[in-house]
Amino acid sequence: MTSGADVVWLDGEFRPVKEAIAANDRGLLLADGAFDTALVLNARIFRGEDHLARLLDACACLGIPVDVGMLRSAMHALALRCGDGSIRLTVTRGPAPRGLAFPAEPRPTVFGSVAPLAPAMMFRPVSLVTTAIRRNETSPTARLKTLSYLDAVLATREAKAKGADDALFLNTAGRLASTALANVFVADGHRLLTPRRSDGVLPGIMRQWLIDAAPAVGLVVEETEITPQAARGRAMIATNSLRLIAPVPRLDGDAMPQFLAARSLAALLCEAIAAECGRDPRDAGASLAYLALPA
């Protein structure tokens, strides 16, 4: 079988990557599209219906007419091909004449790819550097997983150059928004604070899982405004669908406290993934060793 890196799922079947996307596709020329990335274990997508719903919501917001049946079939085919790993499903407005106006009869492009499992990335600490690039909370795209990712690309390069793993975005009002790749939470006693969606925040699948699961370990999540000053000296975690729950040991070079409930949350998450996918991430190589043990 052709390797996952050499093929994509495109409009109903797997095809070679080479020349798969039309040169006049608006996704390529204008970043006019949305995507979703999901964890797959045992050929099953964790929170698959949530990922599908978020992608459909993004397409609806962008005005891209896409068939839910096609997306569902694509996700299923990609998960079967993937086995253990991750899938990415992308929807663009499709080929169109030049210009910014929507085409009169859009023909959306739907394509997907698979990647091998990276268990070493799960629960691994992520050091952050605050970037000077701001998240524009006034744009609806700040709350969507669109193809326009250049701010994240440049901020990540900046963070790497400063010896960090990821970049922390503030919005134009100077409040915490997210990292280049993840949602963020700040510990405050029995509360976990996370920026509001209106502050330019993607509604992360793991973000929502944590909001729902927090009471099981004695925590309450509050969606609120968070200033950089309020986050200083407090434990932080970052969440996304592939990193899962990542402690933040350093912010702008300063050591951060450990979040003692992280290990309990991570164990609960592993159990939830095992229940849904039939395989525990720890059995696939993930480790909770980086997470602090509760006192």
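The values are calculated or read from the model by the stated rules, or taken from the named source; none is laboratory data. Just so you know, these numbers come straight off a predicted model, no measurement behind them. Heads up, the Cβs are rebuilt from the backbone with ideal geometry, glycines too, and the neighbour counts pull from every protein chain shown.
The lone criterion from (1) more than 30 Å from Thr227 (Cβ to Cβ); (2) modelled with pLDDT of 95 or more left unmet by Ala96 is number (2). Selection of segment 38-60 for residues being assigned to a loop (DSSP other than H, G, I, E, B), in contact with a strand residue (DSSP E or B) (Cβ under 9 Å, 6 or more places away or on another chain) and among the hydrophobic types (A, V, I, L, M, F, W, C) yields only Phe46. The residues listed here are Ala79, Ala34; of these, the one that is under 25 Å from Leu117 (Cα atoms), in a strand (DSSP E or B) and touching a strand residue (DSSP E or B) at 6+ places or on another chain (Cβ under 6 Å) is Ala34. Criterion applied to Leu55, Leu100 was being in the same structural domain as Asn24 (by TED's automatic domain parsing), over 21 Å from the mean Cα position of the chain (by Cα) and not small (Gly, Ala, Ser), and the one residue passing it is Leu100.
Residues in segment 87-107 that are surrounded by 21 or more Cβ atoms within 10 Å (Cβ to Cβ) and either in contact with a strand residue (DSSP E or B) (Cβ under 6 Å, 6 or more places away or on another chain) or closer than 30 Å to Leu168 by Cβ (or both): Ile87, Leu89, Thr90, Val91, Thr92, Gly94. For segment 106-134, the set of residues classified as part of a strand (DSSP E or B), within 16 Å of the chain's Cα centre (by Cα) and of a type outside the set (A, V, I, L, M) consists of Gly112, Ser113, listed by residue number.
When you scan segment 145-158, do you find a residue that is assigned to a loop (DSSP other than H, G, I, E, B), under 19 Å from the mean Cα position of the chain (by Cα), surrounded by fewer than 20 Cβ atoms within 10 Å (Cβ to Cβ) and polar (S, T, N, Q), even just one? For segment 145-158, residues assigned to a loop (DSSP other than H, G, I, E, B), under 19 Å from the mean Cα position of the chain (by Cα), surrounded by fewer than 20 Cβ atoms within 10 Å (Cβ to Cβ) and polar (S, T, N, Q): present.
Here the condition is being at negative phi, outside the structural domain of Arg54 (by TED's automatic domain parsing) and in contact (Cβ under 8 Å) with a residue 12 or more places away in the chain; of Ala213, Ala255, it holds for Ala213 alone. Annotation note: of Ser264, Ser241, Ser198, the sole residue that is in contact (Cβ under 8 Å) with a residue 24 or more places away in the chain, hydroxyl-bearing (Ser, Thr, Tyr) and touching a His at 6+ places or on another chain (Cβ under 9 Å) is Ser241.
In the set Leu71, Leu56, which member is free of Cβ contacts under 8 Å to residues at least 24 places away in the same chain and surrounded by 15 or more Cβ atoms within 10 Å (Cβ to Cβ)? Selected residue: Leu56, the only one of Leu71, Leu56 that is free of Cβ contacts under 8 Å to residues at least 24 places away in the same chain and surrounded by 15 or more Cβ atoms within 10 Å (Cβ to Cβ). Which residues, counting only those in segment 232-246, are of a type outside the set (S, T, N, Q) and surrounded by 22 or more Cβ atoms within 10 Å (Cβ to Cβ)? Selection gives Met236, Ile237, Ala238, Arg243, Leu244, Ile245, Ala246.
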